[in-house]
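Read the structure below first, then the notes.
Derivation of every value follows stated rules applied to the coordinates shown; laboratory data play no part. If you're wondering where the values come from, they're calculated on a predicted model, not measured in any experiment. Cβ coordinates were reconstructed from backbone atoms using ideal geometry, including for glycine residues, and neighbour counts include every protein chain displayed.
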Amino acid sequence: MIGDTSTIVEINSIYADLVLFGQDVTVTVDQQASRFPLLLACAVTALLLGIWILWRTTGLTRFQRHVLSTLRIAVFVILSLMMMGWTQQEHATQKPDLLILIDRSESMQLEDQYSMAELGRFISGRTIQSEWSLPRWKLLTAWLDNLRLDSANHRWHEDDSELKKPLARLSEDYRISVYHLGSNLRLAGRGVSANADLSEAQDFDQTESRIGDAIRQAVTQHRGRSIAAVIVLTDGINTNGSSLQDASDWIATKSIPLLIGGFGSLQQTPDIALENPLAPTMAHLGEQLFLEVDLNLLGELATAGKPLEVQVIASLGNNADPFLQIIETVSNAAPSKRLRIPFVPSQVGRAQIRVAISATSEESNTENNAVEFEINVTDDATRILLVENMPRFEYRALLDLLGRSIESQQTANRFSVDVVLFSADARLVEMDKRVLASLPTRREQLFQYDVIVVGDVESRMLSVQFQQLLIEFVEQRGGGIVFIAGPLGMPATFAGQPLEKLFPVAADQFQEADDLDQTNEIILNSLGERFAHLQLGTEVTDNVSAWQSLTVPYWSVTSDLQRPGVHILSTLGTPNDEVGPLITQQFVGAGKVVFHWFDATWRWHESVEVSADGSKPFDQYWEQTMRYMSRQTAPTDGSGLIEIVVHGEAFVVGEPVPVTVRFLDERTAPDDDHAVMVVVEHTNGRRQFLRLARLGADRGRFAATMQGLELGTYRLQLVEPVVSQDGGKNAAVASFTVVAPQGELVRQTLSDVEKRQIIDPEHGRYYNVSELHELVANVPRGTPVRVRSKVAKPIWNANWIVAILISLLAIDWTLRRRWYN
């Protein structure tokens with residue numbers, strides 16, 4: 001019976017096979033005729049013909065000469081082409097393959113909200129309804145069957161404006177192979193009827209989407225054939241196997257276009273999250289700190305052009321009264337922002353800070369709206385040794401500041417300072433208990449200090465033994481040293497001395513800076529902005545301008561070189577012209593070294609900028625720097641010195657896995673910003689190495705992100721630096737598991753931006769719902785495959801060519817007879 005479904009499918013399949021073949025024609029030149037002697041003969045003949053024409057046409061008018069020349073040249077060209085032996089050959093060709101992959105996963109059953117702008121091609125009739133709720137599978141089958149939704153009765157009907165369905169139109173030029181993808185790839189058939197079994201929601205029942213693997217498998221099955229393109233009709237959700245991004249990169253190497261027909265509305269429910277919190281674990285009372293956290297927009301806002309305002313609230317412990325409330329914005333164009341919450345501890349002990357964001361009406365998940373920090377606050381006095389040659393202005397201002405804060409009642413700024421002043425006489429040593437008669441020579445004496453400030457001294461004033469003690473003070477004790485350059489001896493006289501190991505560059509590489517124009521500014525660079533001790537004032541946004549308002553120095557040293565691991569925090573110059581660095585820092589061994597390339601922070605007293613508490617920039621900078629240089633974090637609970645933190649125990653396939661290595665005693669952290677590596681080992685034995693980078697100003701934290709991991713359990717272990725912890729009993733290790741999603745519906749949307757980013761514009765395109773009507777017309781033509789060729793026929797002696805030649809000769813003879821007589 002002709003109306004039987006199986007009969008129709010069989011007829012369509014036979015028809016699809018019949019139309020696989022086409023025909024093309026090629027015209028070629030006889031290889032025996034196209035030799036150099038023939039071309040040479042033609043060239044010589046053309047030259048002689050030109051000479052003969054010029055001689056024979058003497059005495060004729062210009063018009064007559066042009067006509068006869070044209071006729072004779074045309075005759076010569078035709079004869080030359082005939083001598084080359086042109087032949088015509090017909091070839092039977094096969095159409096190029098076109099692979100169409102249809103997603104049959106459960107996520108295609110989801111309904112989305114669509115605007116009229118998105119559904120314009122699927123709606124017929126006038127309607128005042130602005131939004132429509134439709135399942136993805138219905139839109140897919142509507143596109144395949146040329147259906148439109150009647151806005152009046154909400155029924156689907158065939159679109160009369162299109163005579164043929166998409167697969168029928170494509171089958172005219174391509175050999176179509178339709179596949180269904182889900183947990184595996186299955187050939188649905190070839191030709192226009194291959195999608196006949198997709199008509200109900202129950203047909204989309206696959207619990208997995210292996211889109212990347214399906215694309216690779218389909219192309220591999222057609223290896224050796226000409227593939228015009230691969231069309232994937234999907235919502236883009238990949239739950240297992242290689243990602244769509246990986247498949248896109250792979251298929252681009254094959255020069256095969258990848259066209260994705262995307263189903264799913266662009267209007268997604270957003271999620272605002274606080275992620276990746278970062279803060280020091282120990283701090284001094286009254287120290288300026290910054291709590292850092294990422295404010296991320298997951299998904300997309302429905303109002304693409306309008307940012308979303310989010311209120312950020314920071315509170316101390318269970319205190320209902322927040323100490324900070326700010327408004328931040330996120331948008332589709334800028335979905336991520338790093339927040340820096342200023343915090344100054346006012347009580348000794350453990351401070352617990354909670355940072356949260358207010359829930360918004362557009363948000364789908366509020367569980368990730370808060371993070372907590374815990375900081376151990378101490379009020380121990382910072383012990384400082386100040387070494388200087390002459391009582392210059394820098395020395396006097398610094399000693400005055402540190403001396404004023406020795407009183408015990410000023411618990412927020414407690415410093416204990418000793419001074420070695422080489423130009424001081426014996427009377428000053430007797431009068432001022434802070435002034436020492438000589439440098440500390442024993443290790444235990446020097447190691448009682450937290451910070452050592454070395455001013456403009458000459459190398460002869462510091463013995464080699466004392467310089468070596470300073471190096472050990474930094475590398476082993478974990479202390480901090482601040483060098484203040486000067487014109488007398490620092491750093492010029494230390495070339496070849498042990499202490500130059502702590503300088504940002506070898507001592508003989510320094511030179512005095514020229515032309516220190518007072519129109520220059522002190523510029524705090526992006527790395528310097530992340531260091532809390534460089535914060536002048538309470539508002540983060542005003543910090544850069546506060547530094548630019550500081551009085552610039554009259555003298556400094558500079559260098560075009562820096563040692564590896566040196567961080568330039570501030571520079572002198574203009575936004576377009578940099579003179580050189582002013583403040584640099586480096587991690588050396590267990591300690592920190594700050595180098596001042598100038599000697600005029602005392603002039604910051606002249607600055608008109610004053611903080612909210614009335615302190616000058618000079619006071620703020622040095623107090624915060626002393627606390628920062630003395631701060632050390634060491635474990636107090638007996639745990640290991642290093643830990644690997646994986647931010648989660650289980651991750652769904654395709655999710656990024658953030659990894660952090662934390663040195664609980666930051667003195668053991670390496671100096672190099674990229675000196676930490678972990679090995680990631682799968683239970684099947686496969687291993688890979690992951691290099692981590694230091695998190696800005698936090699010495700003890702290194703982070704990286706892994707992507708594209710397959711299913712299974714992974715174990716992480718630290719391999720660099722090599723550190724022995726308790727004889728290996730508490731080695732830095734961690735583990736996590738990559739799992740398949742619990743059903744296809746775990747992640748229900750993939751943003752339009754994500755879909756477009758996975759396609760290389762030179763090798764494909766992504767089409768959303770409103771653009772699907774353009775897909776068929778934009779499929780590349782492809783290259784037909786020749787399957788057999790007929791016998792070549794000569795065309796150089798065809799009757800019509802001979803007729804043209806004789807006609808030209810006859811016209812030429814007639815005109816010559818008339819014009820020459």
- Task: Arrange the following residues from fewest to most other Cβ atoms within 10 Å of their Cβ: Met490, Met390.
- Result: Met390, Met490
- Query: So what are the ³J(HN,Hα) numbers for the stretch 483-498, from phi and the Karplus equation (6.51, -1.76, 1.60; θ = phi - 60°), rounded to whole Hz, Gly and Pro as x?
  - Reply: 9, 10, 5, x, x, 7, x, 10, x, 4, 7, 9, 4, x, 8, x
- Query: What is the order of Leu527, Leu550, fewest Cβ neighbours within 10 Å to most?
  - Reply: Leu527, Leu550
- Rough spin-label spacing in nm, given labels placed 7 Å along Cα→Cβ, for Glu200 and Leu428: 9.8
- Message: Quick query: amide H of Ile176 versus all other amide H atoms, modeled in the peptide plane; which residues come in under 5 Å with a sequence gap of 5 or more or a different chain?
- Response: Leu98, Gly191
- Item | Inter-probe distance in nm under a simple model that places probes 7 Å from Cα toward Cβ, at Ser80 and Gln688 | 6.2
- Message: I'd like to compare 237-248, 372-383: which one has the highest average count of other Cβ atoms within 10 Å, and what's the full order after that?
- Response: 237-248, 372-383
- Least to most buried among Arg354, Arg460 (fewest other Cβ within 10 Å first): Arg460, Arg354
- Note on the structure: Of the listed links Lys164/Lys254; Lys337/Lys501; Lys592/Lys616; Lys95/Lys793; Lys95/Lys165; Lys254/Lys790, those spanning more than 29 angstrom between alpha carbons are Lys164/Lys254; Lys337/Lys501; Lys254/Lys790
- Note: Glu372 to Ile73 extended length (0.36 nm per residue) minus current alpha-carbon separation gives 98.5 nm
- Quickly work out the Val733-to-Ser438 label distance, labels modelled 7 Å from Cα along the C-beta direction, and quote it in nm with one decimal. 5.4
- Item | Protection-proxy order for peptides 462-474, 618-630, each taking the mean of Cβ atoms within 10 Å per residue, highest first | 618-630, 462-474
